[in-house]
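This report concerns only the one structure given below.
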Amino acid sequence: MIKAYAAQEAHGEFAPFEYDPGPLGAHDVEISVAHCGVCHSDMSMWENEWGIASFPFVGGHEVAGTIAAVGSHVTGLKVGDRVGLGWQSGYCNHCMQCLGGNQNLCPDQQPTIIGHHGGFADRVRAQETAVIRIPDQMELRDAGPLLCGGITVFNPFVQFGIRPTDHVAVIGIGGLGHLALQFARAWGCEVTAFTSESKMDEAREMGAHHCVNSRDADAIAGAKGRFDLVLSTVAVKMDWNAIMETLKPQGRLHMVGITPEPLDVGAFPLVAGQRSISGSPVGAPATLNTMMEFAARHGISPVTEHFPMSRINDAFAHLEDGKARYRIVLDNA
């Protein structure tokens with residue numbers, strides 16, 4: 001039996017919950033969960049904000065732990081290996097996306113917390129393909145948030161061939177943005193943070209060379225034509241036409257935060273400057289492994305607050321109140 005914490009209804013209290021996962025699949029592994037991050041997506045699923053949650057709901061898709069058991073056909077992992085599990089816990093492995101190395105775009109992917117019990121538990125199961133090794137030099141307690149928040153902001157650097165000479169701006173210095181600043185700085189880019197005045201000192205400590213007040217229209221206008229990439233991590237409406245003006249010709253506005261309203265962008269700045277708007281989810285296993293190696297090499301880690309797994313309800317209240325700085329992690333004793 002797997003011992004977990006589950007909510008029985010949308011926005012319901014998490015309480016101890018046990019379930020029988022059945023026989024371990026031939027290509028699956030079972031992970032002993034040491035730490036599990038609490039992502040904003042966990043809260044959205046818990047609240048059934050997207051209308052796709054099922055109950056009892058066991059969230060948790062930023063897992064760090066060790067392999068406890070392996071299926072009969074597992075060849076790349078063994079009991080005791082330090083591993084992590086992110087948003088996706090399995091793929092079809094035969095569609096064109098999977099065969100092309102883009103498993104994160106697999107139409108038949110198995111999300112870790114949709115139709116599947118996640119890592120708010122003592123153990124969690126996943127397909128071997130979706131499980132990522134954690135480098136020895138990385139603290140296990142720091143690894144979990146990289147597997148969702150980290151890969152979400154790292155993936156665009158790989159997908160769009162961002163160069164060390166590029167000027168990169170990050171909008172929003174929160175759970176995603178504080179990691180994006182670190183990655184962009186270590187990548188070699190000139191980095192600008194779009195944030196509030198109150199967070200500018202922190203943004204500089206995390207890697208920003210420059211800061212722009214994201215609430216000041218004149219400050220944004222003053223950055224006209226500066227950036228090769230603007231990476232938006234926020235889920236709020238902004239003056240996207242003003243943001244587009246901060247791009248160089250052939251620059252890109254890339255969305256990893258999901259705004260509640262459609263983007264209102266004029267066609268002229270797109271066409272005249274040959275600019276682009278794009279978006280992306282988490283990354284494929286190969287990109288995840290690359291990110292972990294890069295993070296370990298450059299000492300990149302999330303800023304975290306830790307709660308015992310037994311205090312999961314306190315952790316969710318802390319996140320819901322907007323007090324997280326910047327990622328919450330639940331620890332199994």
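We did not get these values from a lab; they are worked out from the coordinates using the rules stated. What you see is a predicted model, and the numbers here were worked out from it, not measured in a lab. Heads up, the Cβs are rebuilt from the backbone with ideal geometry, glycines too, and the neighbour counts pull from every protein chain shown.
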At most 16 other C-beta atoms within 10 Å and a DSSP loop state: those are the exposed trypsin sites (Lys or Arg not before Pro) I care about. Give me the longest piece of the chain that has none. 79-214
In debye to the nearest 20, the charge dipole size for the stretch 206-289, taken about the Cα centre with +1 at each Lys and Arg Cβ and -1 at each Asp and Glu Cβ, equals 200
Whichever aspartates and glutamates have a C-alpha closer than 13 Å to that of K237, once near sequence neighbours (fewer than 8 apart) are set aside: E261, D264
How many nm separate the modelled label positions at N213 and R141, each set 7 Å beyond the Cα in the direction of the Cβ? 3.8
Please build a GNM for the chain, connecting alpha carbons under 10 Å apart, and tell me which residue among D264, D142, D81 fluctuates the most. D264
Kindly identify the stretch 48-126 as rounded, prolate or oblate by the Cα gyration tensor criterion: order the square roots of the eigenvalues as a ≥ b ≥ c, call it rounded if a/c is under 1.5, otherwise compare a/b with b/c, prolate if a/b is larger, else oblate. oblate
Neighbour net charge for A53 - beta-carbon separation under 12 angstrom, K R +1, D E -1: -4
In this structure, the FRET efficiency calculated for M96 and N313 from their beta-carbon separation, with R0 = 30 Å, to the nearest 0.05, is 0.10
Would you look at the GNM of the chain, springs on alpha carbons closer than 10 Å, and say which of P21, P262, P156 moves the most? P262
Roughly how big is the stretch 78-217's charge dipole about its Cα centre, with Cβ charges of +1 (Lys, Arg) and -1 (Asp, Glu), in debye to the nearest 20? 300
In vacuo Debye scattering of the chain, one point per C-alpha: log10 I(q)/I(0) at q = 0.08, 0.15 Å⁻¹? -0.37, -1.24
Between helix 149-159 and the chain: long-axis angle, C-alpha atoms, 0 to 90°, nearest 10: 60
With point charges of +1 on the Cβ of Lys and Arg and -1 on the Cβ of Asp and Glu, referenced to the Cα centre of the stretch 223-333, which listed residue (M309, A267, W240) lies farthest in the positive direction of the dipole? A267
Quick one: if you stick a label point 7 Å off each Cα along the C-beta vector at S72 and A221, how many nm between them? 7.1
Projected onto the charge dipole of the stretch 30-159 (unit charges on the beta-carbon of Lys, Arg, Asp and Glu, signs +1, +1, -1, -1), the Cα from S44, C148, L85 with the largest positive-side position is that of L85
Relative exposure of Y19, Y91, judged by other C-beta atoms within 10 Å (fewest first): Y19, Y91
Please label the shape of the stretch 151-279 as rounded, prolate or oblate, based on the square roots a ≥ b ≥ c of the eigenvalues of the alpha-carbon gyration tensor (a/c under 1.5 means rounded; beyond that, a/b larger than b/c means prolate, else oblate). rounded
Evaluate the charge dipole of the stretch 151-279 about its Cα centre and quote only its size in Debye, nearest 20, assuming +1 on the Cβ of each Lys and Arg and -1 on the Cβ of each Asp and Glu. 320
What does the extension gain come out to for V79 and D321, with contour length at 0.36 nm per residue minus their alpha carbon separation? 83.2 nm
What does the charge count around T165 come to, taking other residues whose C-beta lies under 9 Å from its C-beta (Lys +1, Arg +1, Asp -1, Glu -1)? -2
Distance in nm between label sites at Q274 and E49, each 7 Å beyond Cα in the beta-carbon direction? 3.8
Place +1 on the Cβ of every Lys and Arg and -1 on the Cβ of every Asp and Glu in the stretch 151-279, take the dipole about the Cα centre, and give the residue among V191, S276, I171 whose Cα lies farthest towards its positive end. S276
Once the piece of chain linking A333 and L24 is laid out straight, how much longer is it, given 0.36 nm per residue of separation minus the C-alpha distance between them? 108.8 nm
Which residue fluctuates the most in the chain, going by a Gaussian network model with Cα springs under 10 Å, if the choices are F17, F120, F154? F17
Under 14 Å, Cβ to Cβ, from Q88 - net charge with Lys/Arg +1 and Asp/Glu -1: -3
